[in-house]
Amino acid sequence: MKLIFILSIVFTLLFYSNQEQAVPIVDFKGLQPYLNKQNDTTYVINFWATRCKPCIKELPYFEQLNEKYNNKKVKVILVSLDFRKSYESQLLPFIKRKGIKSEVILLDDPDSNQWIDKVDAKWSGAIPATIVYNKNSRSFYEQSFTFNELDSVLNLKLSNP
Amino acid sequence: MKKITLLIVLSIFSVLSFAQGYNVGDKAISFKLKNVDGKMVSTADYNNAKGFIVIFTCNTCPYAVAYEDRIIELNNKYEKKGYPVIAINPNDPEVQPADTYELMVAKAKEKSFTFPYLWDPDRKVSAVYGATKTPQIYILNKEGKDLVVEYIGAIDDNFEDASAVSKKYVESAVSALLARKKPSPDFTKAIGCSVKKKKV
């Protein structure tokens with residue numbers, strides 16, 4: 001009996017330590033606060049999806065950026081535009097398989113005409129797309145990045161706050 | 001100094017990349033491209049058409065795939081009323097290997113497309129139109145010898161679930177044109193896959 005009790009505690013601990021990051025599912029209203037923080041941090045927000053080839057290609061660079069600026073006031077947020085129905089079957093397994101450390105959010109709001117302009121008026125809706133912003137300024141990029149390109153746009157933002 | 005140069009280069013780049021393509025009201029070029037049956041299809045061949053529903057789409061983009069059945073329905077509904085669908089694949093297969101001509105042929109066969117699915121790998125048409133993503137729709141109206149852009153944007157307001165759609169943008173735009181009215185809205189946006197082209 002005691003053994004079962006101890007085993008269950010061990011398993012519970014193992015389970016929780018192996019838990020991947022929680023991936024919240026939000027509509028655009030729920031996402032908006034992440035796009036408009038007024039603090040000392042610079043945010044790098046990337047819009048992507050697991051089945052978007054150029055997104056997957058550049059995803060490691062966002063992870064690399066997240067690691068490089070770990071001790072600076074920089075936060076990388078990966079906003080997935082995967083379908084809600086692929087959340088369990090594709091998105092969560094993908095995050096686990098790739099060991100993604102940056103924060104991931106699923107934006108589940110298919111009426112995208114209502115919110116694309118609120119992300120940025122220049123955005124056509126094509127992914128990948130990226131915002132780099134802090135409380136003083138904001139830049140939007142509808143393009144793919146190499147690590148060096150990403151690093152330099154972030155540096156530009158950090159050195160001209 | 002280096003940073004200022006970079007800033008200038010970046011801003012010129014962003015201006016250039018958004019300044020191209022058609023707006024609603026512009027005259028559009030006619031085009032002639034290779035269809036999945038091996039024959040050339042030209043907008044000039046459609047003597048009885050009142051206009052066209054031009055759809056930039058591709059083989060595997062999940063947003064494009066989610067709309068395949070709805071695109072077939074659009075053609076079934078509006079071809080006979082004078083607004084046939086013409087689908088164009090704007091992707092360079094060297095960048096997106098899922099969009100070779102052969103795989104387009106396979107897609108058209110698998111889905112029994114009732115409309116042309118044209119190949120535009122070097123973006124002769126899509127670059128002039130300004131297509132940035134798939135799927136992206138341009139509704140053209142014939143005015144004399146001209147083709148005028150009357151609507152640019154999404155098919156409807158739900159890319160994930162056809163049964164949850166509340167606004168059918170393309171249907172309402174074509175209905176407006178059939179009633180000799182201007183579409184409203186005439187411009188919408190939707191999430192799509194970037195057009196695959198080589199980096200310049």
Task: Pick from the stretch B:128-155, criterion under 10 Å from the mean Cα position of the chain (by Cα) and part of a strand (DSSP E or B), ranking: nearest to the other protein chains (Cβ to nearest Cβ) - done: B:Lys133
Task: Members of the stretch B:171-194 found to be in contact (Cβ under 8 Å) with a residue 40 or more places away in the chain, more than 12 Å from chain A (Cβ to nearest Cβ) and either within 21 Å of A:Asp111 (Cα to Cα) or of a type in the set (S, T, N, Q) (or both), listed by number - done: B:Glu171, B:Val174, B:Pro183, B:Asp186
Task: Some residue of the stretch B:119-126 being aromatic (Phe, Trp, Tyr) and either modelled with pLDDT under 95 or out of contact with any helix residue (DSSP H, G or I) (no Cβ under 6 Å at 6 or more places or on another chain) (or both) - done: no
Task: Residues (more than 8 Å from chain A (Cβ to nearest Cβ), among the aliphatic types (A, V, I, L, M) and without any contact (Cβ under 8 Å) to a residue 60 or more places away in the chain) located in the stretch B:156-165 - done: B:Val165
Open item on the list: With the condition being modelled with pLDDT under 95, of a type outside the set (Ser, Thr, Tyr) and under 24 Å from A:Lys122 (Cα atoms), I'd like the helices (runs of 4 or more DSSP H) fully within the stretch B:1-113 carrying at least 1 qualifying residues.
Closed with: B:2-18
Open item on the list: Checking the condition at pLDDT below 95, farther than 22 Å from A:Ala121 by Cβ and either facing chain A (nearest Cβ under 8 Å) or surrounded by 15 or more Cβ atoms within 10 Å (Cβ to Cβ) (or both), which residue from B:Lys197, B:Lys168 passes?
Closed with: B:Lys197
Open item on the list: Quick check on the stretch B:104-127. Is at least one of its residues touching a Pro at 6+ places or on another chain (Cβ under 8 Å), surrounded by fewer than 24 Cβ atoms within 10 Å (Cβ to Cβ) and at the interface with another protein chain (Cβ under 10 Å from one of its Cβ atoms)?
Closed with: no
Task: Single residue of the stretch A:107-161 satisfying the filter (surrounded by fewer than 15 Cβ atoms within 10 Å (Cβ to Cβ) and hydroxyl-bearing (Ser, Thr, Tyr)) that is nearest to the chain's Cα centre (by Cα) - done: A:Thr146
Open item on the list: Taking the criterion of being surrounded by 24 or more Cβ atoms within 10 Å (Cβ to Cβ), of a type in the set (Val, Ile, Thr), closer than 13 Å to B:Lys111 by Cβ and touching a helix residue (DSSP H, G or I) at 6+ places or on another chain (Cβ under 7 Å), would at least one residue in the stretch B:60-83 satisfy it?
Closed with: no
Open item on the list: part of a loop (DSSP other than H, G, I, E, B), within 12 Å of another protein chain (Cβ to nearest Cβ) and not hydroxyl-bearing (Ser, Thr, Tyr): is that true of A:Asp40 in this structure?
Closed with: no
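The values are calculated or read from the model by the stated rules, or taken from the named source; none is laboratory data. No experiment lies behind these values; they were computed from the predicted model shown. With ideal geometry, Cβ positions are generated from the backbone for all residues, glycine too; neighbour counts draw on all protein chains shown.
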